[in-house]
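First the structure, in the form of structure tokens, and then the observations on it.
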There are 2 protein chains.
Amino acid sequence: MKKSTKILLSEKEMPRQWYNIFADMPNKPLPPLNPVTREPIGPEALAAVFPMELIRQEVATERYIDIPEEVLNLYKIYRPSPMYRAINLEKALGTKSKIYYKYEGGNYSGSHKANTAIAQAYYNKQEGIKRMTTETGAGQWGSAMSFACHHFGLELLVFMVKVSYHQKPGRRILMNSYGAKVVPSPSTMTASGRKVLESDPESPGSLGIAISEAMEIAAQDPYTKYSLGSVLNHVSLHQTIIGQEALLQMEKAGDYPDVVIGCFGGGSNFSGISFPFIRENIVNGRKTRCVTVEPSSCPKLTKGKFMYDFGDSAGLTPLLPMYTLGHNFVPEKIHAGGLRYHGAGVLVSQLLKDGFVDAKAKMQRECFEAGVFFAKNEGILPAPESNYAIAAALDEARKADIEGVSRTILFNLSGHGHMDISAYEKYFDNNLPDHEMTQEEVDKCVAAIEI
Amino acid sequence: MKKSTKILLSEKEMPRQWYNIFADMPNKPLPPLNPVTREPIGPEALAAVFPMELIRQEVATERYIDIPEEVLNLYKIYRPSPMYRAINLEKALGTKSKIYYKYEGGNYSGSHKANTAIAQAYYNKQEGIKRMTTETGAGQWGSAMSFACHHFGLELLVFMVKVSYHQKPGRRILMNSYGAKVVPSPSTMTASGRKVLESDPESPGSLGIAISEAMEIAAQDPYTKYSLGSVLNHVSLHQTIIGQEALLQMEKAGDYPDVVIGCFGGGSNFSGISFPFIRENIVNGRKTRCVTVEPSSCPKLTKGKFMYDFGDSAGLTPLLPMYTLGHNFVPEKIHAGGLRYHGAGVLVSQLLKDGFVDAKAKMQRECFEAGVFFAKNEGILPAPESNYAIAAALDEARKADIEGVSRTILFNLSGHGHMDISAYEKYFDNNLPDHEMTQEEVDKCVAAIEI
């Protein structure tokens, strides 16, 4: 009999604090810079778009930060999330390795994005904010934020990357169901959007453009703030609840991962599962390899350049020290919309530079193949983004078998794919193109960066 | 602070037996009849399409039936399922009543259908069967069965009601992902399908027609069997795991329901949540009102006739004593595809006749309105079928407030709506028609029944 093993935590065992990896990093990241003066910016420079507590968390140096009671209460609707030993997958693969996955798709939003959406909406509400703006790619982040905003009585305006707005009407309607207003980006509502449309009326949009639009609107009104679903330190912080739980669940399973894997868009998914394990490496001398998986069509960590660049397309953010393909880069229209971002979070960028992170890139078709193989054996149809983590996990297991060893592999199954079914339809119709950026193409993009 | 309360069971607390209400019914249902001889049929009459153990369960008289270890192991991937106190919904409604819901959408299939799919696939595998056929409406049942069959190494052919095949491509592709073959019904693959297409080439299909097609194929080969997702006694039996858990969870919550609600297609959803509570009424003198909710466009329990009729459109099943609109009735194309069935399970029919069940009917638009209100407050976007239960729960709470009392209301949130998003899009576009069958129209349908 094939059997999957579920490793659960009780509500009482749920961590009460987020983990801030900044405290344990041997080399601290470089500071964000004011694009005009090239001087380090202070927290006040962010006050036009973020509430004070999130700015404080963005630059916090303490190791653990308490999760507020009201956030914990909402987390408890769907947390602690389950971890599974993928027994059926292992058997189908014929591997000697053990494969575990942490499943973050069981909540209302269908992905891990709820973890930071709830926290961000809460802090904004606490500081008297009335309206929020945000961007979204595939719509996971926008859906998560829409419910969180409705729950705390905040209005929400979402700029959804145009290609996803049309490819994935499902999450747009889900956002509408929660009462949010959704606009395809680039739009004519903002100067940033109009500028893009002037030079390319057919622009499919990008997360960088959508961020510019959302920030522009937020900066115009003191009761409107902006929220970002990835990239920033406070977003990664909130996602560490995933890895904090996973540490405890691994202990319950009487096991410990040799490899931890997360897909990579801006960094929150990977940070969430891996940071607590990277801490174990730094502080307790453990040897877990932490692997990011990005699309070959958007290879900032594997082929991009570490440099100061803008987080958005129009250059409204401070300059951030990160691996980037250039803030004006518009990635190919792959179906993992959440991974179509030109840059990488500052914390992960520094950790990669310092050798604490191992970066991989994968092609779209192979990832969908891995996702369907996973669904057939474990039941859950994964989000396209999560397919990248699955494909890398299968690679690791196969590699271990070739080397004649058994490894313990853990990956973050960040969401379900029930709302991305059109992408699977294209996969079955043999209609999913593969794109790979060469190093030469990347170098050309990077050389064109103007800051 | 608004807060929802989750009531969990541990794996150890999960019931190890299904509950068979037959044992406690004061009036036993009438026997199924051979349509030619009009004599009661024996179990052997079903052997062409079902494995022996399921036939045994169909006519079982013992009160509890052990769940096999391998079925329990698969249940444990997603069971025990959570129960929630809908605190936010109550607050938004301003009711004095307490509203609880049991959530069955958190598993791979997104609905309660997994509970019987796993059991049915298991028993077929045990008896050496190689291939299965089945019908599906909205696709919840077909998705659940596709994974279960793949897990146990069985091939699966699904006849999907044509209107849902086109309205809901999502679940069709999910079934493909699990390796099942999906055909729109009526099809030209079977004599039953061809006959329907001859008289109406534009037929949207119905569950009754799809059942005929699936049964016809199964009857042609001893290694191919048929499986049904609702209506039959053994299907209701498997779903009682829901209510068995709910009984324990209510006890944990220190509460007991005055009203238990399930939406109604063939009966498995309602049976699952309510049968263990009906037992409490019969055996322990409790007074819980158990409410079925069906679409006003398919009102077999509220306006249909209790009589012998076929379970399928072509007349391949035995004659069953049930409330029916006539086995040739093709319901309006509402979005709750799982509720578009002409008849009602034999057990529920007898219980309604004997006054143990209270039947309601609701219009489509009001149910979607209730579903969106629920999503805004509790986060989960419900399946269109589940919206009928939610609408009735809101009615009960409002009625109690008018009467100046507080009631404890429990309903079965049988699935999530992430794959039914096109229906919500139509709702938001004000493009969801309401249909109500009058008693006169029903009487005309019923008078035309030929058996």
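The values are calculated or read from the model by the stated rules, or taken from the named source; none is laboratory data. All values reported here derive from a predicted model rather than from experimental measurement. As a convention, Cβ positions derive from the backbone with ideal geometry for all residues, glycine included, and neighbour counts pool all protein chains shown. The area values use the complete protein model at the heavy-atom level, side chains included, leaving out ligands, DNA and RNA. Shrake-Rupley method; radii C 1.70, N 1.55, O 1.52, S 1.80 Å.
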Between chains B and A, total accessible area buried, probe 1.4 Å, no ligands or nucleic acids, nearest 100 Å², roughly 3800
Per the helix-only model, chain B has a calculated mean residue ellipticity at 222 nm (DSSP H runs of ≥4, -39500 (n - 2.57) each, divided over all residues, rounded to the nearest 500) of -12500 deg cm²/dmol
Under the rule rounded for a/c under 1.5, else prolate if a/b exceeds b/c, else oblate, using alpha carbon gyration tensor axes a ≥ b ≥ c, the range A:332-442 is classed as oblate
Percent antiparallel among DSSP beta bridges confined to the protein assembly as shown, rounded to 5, stands at 35
Of the accessible area of the range A:148-278, computed with a 1.4 Å probe and all protein chains kept, carbon and sulfur make up a percent value of 52
Interface call, the range B:175-205: threshold 30 Å², probe 1.4 Å, accessible heavy-atom surface of protein chains, chain by itself vs complex, result B:Ser177, B:Tyr178
XL table A:Lys300/A:Lys353; A:Lys376/B:Lys6; B:Lys113/B:Lys376; Cα-Cα > 20 Å flagged, in table order, is A:Lys376/B:Lys6; B:Lys113/B:Lys376
Here the Kirkwood hydrodynamic radius of the range A:242-393, Cα-based and in Å, equals 16.0
Taking 0.36 nm per residue of separation between B:Ile41 and B:Glu441 and subtracting their Cα-Cα distance, the length gained on full extension comes to 140.8 nm
Expected unfolding gain across B:Ile282-B:Glu11 under the 0.36 nm per residue rule, minus the alpha-carbon gap, is 94.7 nm
If every Lys and Arg gets +1 and every Asp and Glu gets -1 at its Cβ, then about the Cα centre chain B yields a dipole, in debye to the nearest 20, of 1020
Placing each pseudo-label 7 Å from Cα in the direction of the beta carbon, B:Glu450 and A:Glu403 end up separated by a distance in nanometres of 7.3
Hull volume per residue for the range A:249-338, using the convex hull of the C-alpha atoms, in Å³ is 126
Of the convex hull drawn through the C-alpha atoms of the range B:14-112, the volume per residue in Å³ is 196
So for the range B:94-184, using the alpha carbon gyration tensor with a ≥ b ≥ c as root eigenvalues (a/c under 1.5 gives rounded; past that, a/b versus b/c decides prolate or oblate), I'd call it oblate
In the range A:356-386, the residues losing 50 Å² or more of accessible area (1.4 Å probe, heavy atoms of protein chains only) relative to their chain alone are A:Lys376, A:Gly379
With all protein chains present, the range B:1-127 has a carbon and sulfur share of its accessible area (1.4 Å probe) in percent of 53
Using alpha-carbon positions, the gyration tensor of the protein assembly as shown gives root eigenvalues a ≥ b ≥ c; with a/c under 1.5 called rounded, otherwise prolate if a/b exceeds b/c, else oblate, the class is prolate
One decimal, nm, nearest first: from B:Gln220 to the same residue in each other copy, label points 7 Å out along Cα→Cβ, the values are 6.5
With the 1.4 Å probe rolled over protein heavy atoms, the range B:45-128 has an accessible area per residue in Å² of 31
Computed over the range B:221-294, protein heavy atoms only, probe 1.4 angstrom, the accessible area per residue in square angstrom equals 24
Among the DSSP H helices of chain A, those whose Cα atoms extend at least 27 Å along the helix axis and whose mean Kyte-Doolittle hydropathy is -1.0 or higher are A:233-252, A:384-403
For B:Glu69, inter-copy label-point distances (7 Å, Cα→Cβ), nm, shortest first, read 4.8
Relative contact order as a percentage, chain A, C-alpha pairs under 8 Å and 6+ apart, gives 19
Output for the range B:1-101: GluC sites (Glu not before Pro) sitting in coil per DSSP, at most 16 other Cβ within 10 Å, listed by number, reads B:Glu62
For the range B:370-451 the GluC sites (Glu not before Pro) that pass both the DSSP coil test and the at-most-16 other-Cβ-within-10 Å test are B:Glu436, B:Glu450
For the axis mapping A onto B, the chain A residue whose beta carbon sits nearest, plus its rounded distance in angstrom, comes out as A:His418, 2
Here the residues of the range B:139-161 whose accessible area is at least 10 Å² smaller with all protein chains than in the chain alone (probe 1.4 Å) are B:Phe147, B:His150, B:His151
at B:Gln439 the sorted inter-copy label distances (label 7 Å from Cα on Cβ side), in nanometres, are 8.3
Rounded to the nearest whole number, the Stokes-Einstein translational diffusion coefficient of chain A at 20 °C and 1.002 mPa s (Kirkwood radius, C-alpha pairs) in µm²/s is 99
Heavy-atom accessible area per residue of the range B:344-451, all protein chains kept, 1.4 Å probe, expressed in Å², is 37
